[in-house]
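A short worksheet on the structure shown next.
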Amino acid sequence: MTSPYLNYIDVDRDKAKLYNVDITNIFNTLDAIFGTYYVNYFEYWNDLWWVILQSDYNNRNNPQLLNTLYIKNNQGQMIPLGSLAKIEFKNGPEVVTRFNDYLASQIIVNPKPGYTTGDVMTVINDAVKKNLAKGYHVKWFGPAYQEANIGDSSIIALVLGIVMVFLILASLYELWKLPLAIPLS
């Protein structure tokens, strides 16, 4: 069954608690069957290979197959996943943003007049540390990545440029005092 809408699976947490099923196990099972679930990685032929669980396309293209899945509860009994979750069709994002193979959120900011992009980056870093869990990180790309890596090195480049101009002029005029007036001006 193909649909232009996204499949939204609503897990009933009260039923999961009643049947002693761990919520994490439910989402890991859903992730492994209907999505991709990262297990680990190994090195082979001097290359890094990822081990990712994913069900065959015919077993994941129909969301109604949720009723055929079972999950273990804390007592070891098998519970049908369809009794703990229901499927809804909703509109959703057309594009899922990824960065370095991880799910990501893209933030686009136009700073107000009087604020620099460095100020905005500092505010975003502080907000992430205060409001999000420990596993979340901010990684910059594009011009913001360059700005974050450069930091205060532009001041060092300016000072080295002035010294270079002074040394070139000193060798040109064969004097120390005359070239000193040019960078000072």
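The values are calculated or read from the model by the stated rules, or taken from the named source; none is laboratory data. For clarity, every value in this text was computed on a predicted model and none was experimentally measured. Positions of Cβ are backbone-derived with ideal geometry, glycine not excepted, and every protein chain shown enters the neighbour counts. Accessible surface is based on the protein model in full, side chains and every heavy atom, while ligands, DNA and RNA are left aside. Shrake-Rupley method; radii C 1.70, N 1.55, O 1.52, S 1.80 Å.
General remarks:
- Set side by side, the residues 77, 54 differ, and just one is of a type outside the set (A, V, I, L, M, F, W, C) and over 28 Å from the mean Cα position of the chain (by Cα), which is 77.
- Residue within segment 38-55 that is in a helix (DSSP H, G or I), free of Cβ contacts under 8 Å to residues at least 12 places away in the same chain and either touching a helix residue (DSSP H, G or I) at 6+ places or on another chain (Cβ under 7 Å) or within 27 Å of residue 102 (Cβ to Cβ) (or both) present: no
- Odd one out for residue 64 among (1) in contact (Cβ under 8 Å) with a residue 24 or more places away in the chain; (2) in contact with a strand residue (DSSP E or B) (Cβ under 6 Å, 6 or more places away or on another chain): (2)
- Residue 69, sole failed condition from (1) modelled with pLDDT under 90; (2) open to solvent by less than 50 Å² (accessible area, probe 1.4 Å); (3) within 26 Å of residue 102 (Cα to Cα): (3)
- Residue in segment 147-155 that is without any contact (Cβ under 8 Å) to a residue 40 or more places away in the chain and among the charged types (D, E, K, R) present: yes
- Hey, residue 10 acidic (Asp, Glu), within 16 Å of residue 85 (Cα to Cα) and open to solvent by 90 Å² or more (accessible area, probe 1.4 Å) or not: no
- Of residues in segment 107-146 being closer than 24 Å to residue 52 by Cβ and small (Gly, Ala, Ser), the one modelled with the highest pLDDT: 133
- Any hit, segment 14-33, residues being modelled with pLDDT under 90, surrounded by 12 or more Cβ atoms within 10 Å (Cβ to Cβ), of a type in the set (Val, Ile, Thr) and outside any helix (DSSP H, G or I): no
- Residue 104 modelled with pLDDT of 90 or more and under 17 Å from the mean Cα position of the chain (by Cα): no
- Condition broken by residue 39, with the remaining ones in (1) more than 22 Å from the chain's Cα centre (by Cα); (2) open to solvent by less than 90 Å² (accessible area, probe 1.4 Å) satisfied: (1)
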